[in-house]
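Colleague: Supplied in structure tokens, the structure appears directly below.
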Amino acid sequence: MRKVVMKFGGTSVADAAAITQTISIVRRAVESDAAPVVVVSAMSKVTDRLLAMADAASSGRTDVVRDGLDELSRRHGDAALRLVGASAAPVARDIERELTELGAVLQAIDVLRHADSRALDRVAASGELLNSRLVAAALRAHGFEAAFVDARSVLMTDATYGQAAPLADATKEAASEFVLPLLQSGRIPVIGGFVGRAPDGATTTLGRGGSDYSAALIGTAIDASEIQIWTDVDGMLTADPRIVEEPRVVRQLSFGEASELAYFGAKVLHPSTILPAVAHNIPVRILNSRRPEAEGTLITSSPADDGRPVTAIACKRGVTVVDVTSTRMLMAYGFLRRVFETFEHYRTPVDVVTTSEVSVSVTVDDRRRVPEIVNALREFADVSVEEEMAILCVVGENLRRRSDTASRVIGALATFPLRMVSQAASRRNLTMVLADSAAPDAMKHLHDELFETVAIR
Ligand code: ADP
Ligand code: ASP
Ligand code: MG
């Protein structure tokens, strides 16, 4: 049996028309003898809306909450009618039951005038829970033996609400109990992405964009042959299409390249997606559900080398640079340890690091605890902070083989003051930090240099 996880993102399951298109993609997979497990996101924009409703509830704006519930009911109810027709009553009841529970959580938030991370996760999870019920019913109405599987019976996590870490062994065990038997009896399991279950049974989420991660986790738990990420672009592109007008599709990527690109801002993949796939060497494919015939991007451990100097560029915006300087500590042991222990103490990951003899510069994405970190660092060093910065990251396995690429990259950015430059030990990426306001232009320049002129070099 060729088990394939097919994950459909928000735009691929946004309404009845999109879900109909998704069903035809599943049909093609079944006709080619695949045994699919379907993982779905919430309808597009629903998660944002749910979080806004929780925020409104925490300040007693009941009208916003009521409008939100009405809209969710209408959106899912309309789609159910269109997709399931005359026999929509059972799924309509499931949708209403789900919305009633959501309404109760929102009311509790209203009463308490506070939404903690546990309550927020329960609210945010509703989008995927609603949509997985709907898509399962729609598949059944189109003649498939599809079964709704509650993500909370499969995806086991710790209790880090808002960013739960999966528990691989427990998830594998649950998948053997609740997913594999369905596949073995020829049925299609339909599971909401993004959502998991804490050890005490509470609902968790894997963090924004986490449905890709769910797909990869479920893929490894059932030992799938392939994990497919169906989205609204033709694959991994050479740059962010919201910045660069005509980026190219990257046909093949290594796991390492995909991880770096996702981590440094290529939104098409959640940054953790690749890790489970690497551990089990399962290929990941990114495909366009609006153009299912397009080839997409294939991510594997050893892609064919097409000789390209670099693979793609990514950009992470709105980061903060922290400079730590200490002449007293010049050449002293333990200085770096103290610096990094401070970040660890405040549970704040650092992304890019550069050092000179007397100073260290780091970037952080999550600036919530920067004031405390700065106070702690000031006990032994001078500290300055610069906000509104961006990381521009050039990724490619061939960077280590082509020594001229780095000079082309830096040359293309000659008119942009670079705050930090770093090449990691993997030599798979070259990372620059510059002012956030300059990032879009810098990315366009770099893309022109590396991809538009590549043919004549
Ligand atoms: P989904 O809802 O299907 O998960 P996302 O919005 O999370 O989709 O991710 C797809 C989007 O990622 C694209 O529409 C595109 O704007 C954005 N994106 C950013 N960088 C890249 C890149 N390098 N390649 C492809 N898409 C990218
Ligand atoms: N619906 C969730 C979000 O918007 C998860 C996802 O779509 O991947 O973040
Ligand atoms: Mg996504």
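The values are calculated or read from the model by the stated rules, or taken from the named source; none is laboratory data. Only a predicted model underlies this, so the values are computations on that prediction, with no experimental measurement involved. Quick reminder, even Gly has a Cβ in these numbers, built from the backbone with ideal geometry, and neighbours come from all protein chains shown. Remember, those area values only see protein heavy atoms, side chains included, never the ligands or the DNA or RNA. Shrake-Rupley method; radii C 1.70, N 1.55, O 1.52, S 1.80 Å.
Colleague: Scan region 201-248 for residues that are over 15 Å from Leu269 (Cβ atoms) and within 15 Å of ligand 2 (Cβ to nearest atom) and jot them down.
Modeller: Across region 201-248, the qualifying residues are Thr203, Thr204, Thr205, Ile218.
Colleague: Considering each residue of region 141-152, count those that are closer than 12 Å to Arg27 by Cα and open to solvent by 40 Å² or more (accessible area, probe 1.4 Å), and give that number.
Modeller: Total satisfying the criteria: 3.
Colleague: Next up: Hey, can you tell me all the residues within region 35-55 that are hydrophobic (A, V, I, L, M, F, W, C), more than 15 Å from ligand 3 (Cβ to nearest atom) and closer than 22 Å to Leu155 by Cβ?
Modeller: Ala35, Val37, Val38, Leu50, Leu51, Ala54
Colleague: Within region 1-17, how many residues turn out to be hydrophobic (A, V, I, L, M, F, W, C) and more than 15 Å from Ile229 (Cα to Cα)?
Modeller: Step one: list which residues in region 1-17 are hydrophobic (A, V, I, L, M, F, W, C), which gives 1, 4-6, 8, 13-14, 16-17.
In the following step, the residues that additionally are more than 15 Å from Ile229 (Cα to Cα) were identified as 1, 14, 16-17.
Residues that pass the stated criteria total 4.
Colleague: Assuming Ala136 fulfils every condition listed in (1) open to solvent by 10 Å² or more (accessible area, probe 1.4 Å); (2) small (Gly, Ala, Ser); (3) within 22 Å of Leu99 (Cα to Cα) apart from one, which condition is it?
Modeller: (1)
Colleague: Out of everything in region 116-128 that is among the hydrophobic types (A, V, I, L, M, F, W, C) and within 11 Å of ligand 2 (Cβ to nearest atom), what residue ends up being nearest to Lys7 (Cα to Cα)? Outline the logic, then answer.
Modeller: Step one: filter region 116-128 for residues among the hydrophobic types (A, V, I, L, M, F, W, C), giving 119-120, 123-125.
With within 11 Å of ligand 2 (Cβ to nearest atom) added as a condition, the list becomes 124-125.
Numbers: Ala124: 18, Ala125: 16 Å.
Here the residue is Ala125.
Colleague: Please determine whether any residue of region 234-257 is under 20 Å from Ala279 (Cβ atoms), hydrophobic (A, V, I, L, M, F, W, C) and within 16 Å of ligand 3 (Cβ to nearest atom).
Modeller: no
Colleague: If you take the residues of region 270-293 that are among the aliphatic types (A, V, I, L, M) and not in a loop (DSSP other than H, G, I, E, B), which of them is farthest from the chain's Cα centre (by Cα)? Walk me through it before giving the result.
Modeller: Of the residues in region 270-293, the ones among the aliphatic types (A, V, I, L, M) are 274-275, 277-279, 282, 284, 286-287.
With the extra rule that they be not in a loop (DSSP other than H, G, I, E, B), the set shrinks to 274-275, 277-279, 284, 286-287.
On the way: Ile274: 10, Leu275: 12, Ala277: 14, Val278: 16, Ala279: 18, Val284: 14, Ile286: 13, Leu287: 15 Å.
So, considering only residues that are among the aliphatic types (A, V, I, L, M) and not in a loop (DSSP other than H, G, I, E, B), the one farthest from the chain's Cα centre (by Cα) is Ala279.
Colleague: Within the set of pairs 6 or more residues apart or between chains, which connect a residue that is among the hydroxyl-bearing types (Ser, Thr, Tyr) inside region 70-93 to a residue that is open to solvent by less than 20 Å² (accessible area, probe 1.4 Å) with Cβ atoms less than 7 Å apart?
Modeller: Ser73/Leu99
Colleague: A further question on this structure: Filter region 270-308 down to residues that are closer than 24 Å to Val353 by Cβ and hydrophobic (A, V, I, L, M, F, W, C) and give me whichever is surrounded by the most Cβ atoms within 10 Å (Cβ to Cβ). Spell out how you get there, then give the answer.
Modeller: Quick first cut of region 270-308, residues closer than 24 Å to Val353 by Cβ only: 270-272, 274-275, 278.
Narrowing further to those that are hydrophobic (A, V, I, L, M, F, W, C): 274-275, 278.
On the way: Ile274: 28, Leu275: 15, Val278: 19.
Across region 270-308, the extreme among qualifying residues is Ile274.
Rundown of residues vs (1) over 30 Å from Ala104 (Cα atoms); (2) open to solvent by 20 Å² or more (accessible area, probe 1.4 Å); (3) in contact (Cβ under 8 Å) with a residue 12 or more places away in the chain, yes/no style:
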position: Met6; (1), (2), (3): yes, no, yes
position: Ala14; (1), (2), (3): no, no, yes
position: Thr22; (1), (2), (3): yes, no, yes
position: Ser32; (1), (2), (3): yes, yes, no
position: Thr62; (1), (2), (3): no, yes, yes
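Colleague: Do you know which of the residues in region 413-452 that are of a type in the set (Gly, Ala, Ser) and open to solvent by less than 20 Å² (accessible area, probe 1.4 Å) is nearest to the chain's Cα centre (by Cα)?
Modeller: So the first thing to find is which residues in region 413-452 are of a type in the set (Gly, Ala, Ser), and the list is 414, 422, 424-426, 435, 437-439, 442.
Still in the running and open to solvent by less than 20 Å² (accessible area, probe 1.4 Å): 439, 442.
On the way: Ala439: 21, Ala442: 24 Å.
By that ranking, first place goes to Ala439.
Colleague: If you don't mind, there's one more thing I want to ask. Quickly run through region 34-60 and pick out the residues that are open to solvent by less than 20 Å² (accessible area, probe 1.4 Å), within 16 Å of ligand 1 (Cβ to nearest atom) and either part of a helix (DSSP H, G or I) or hydrophobic (A, V, I, L, M, F, W, C) (or both).
Modeller: Step one: of region 34-60, the residues open to solvent by less than 20 Å² (accessible area, probe 1.4 Å) are 34-43, 46-47, 50, 53-54, 56-57.
Then keep just the ones that are within 16 Å of ligand 1 (Cβ to nearest atom); that gives 38-43, 46-47, 50.
Listed by number, the residues that qualify are Val38, Val39, Val40, Ala42, Met43, Val46, Thr47, Leu50.
Colleague: Quick test for you: out of Asp158, Asp121, Asp169, pick the one residue that is touching a strand residue (DSSP E or B) at 6+ places or on another chain (Cβ under 9 Å) and in contact (Cβ under 8 Å) with a residue 60 or more places away in the chain. Before you say what the answer is, go through the steps one by one.
Modeller: Details: Asp158 fails: in contact (Cβ under 8 Å) with a residue 60 or more places away in the chain; Asp169 fails: in contact (Cβ under 8 Å) with a residue 60 or more places away in the chain.
The match here is Asp121.
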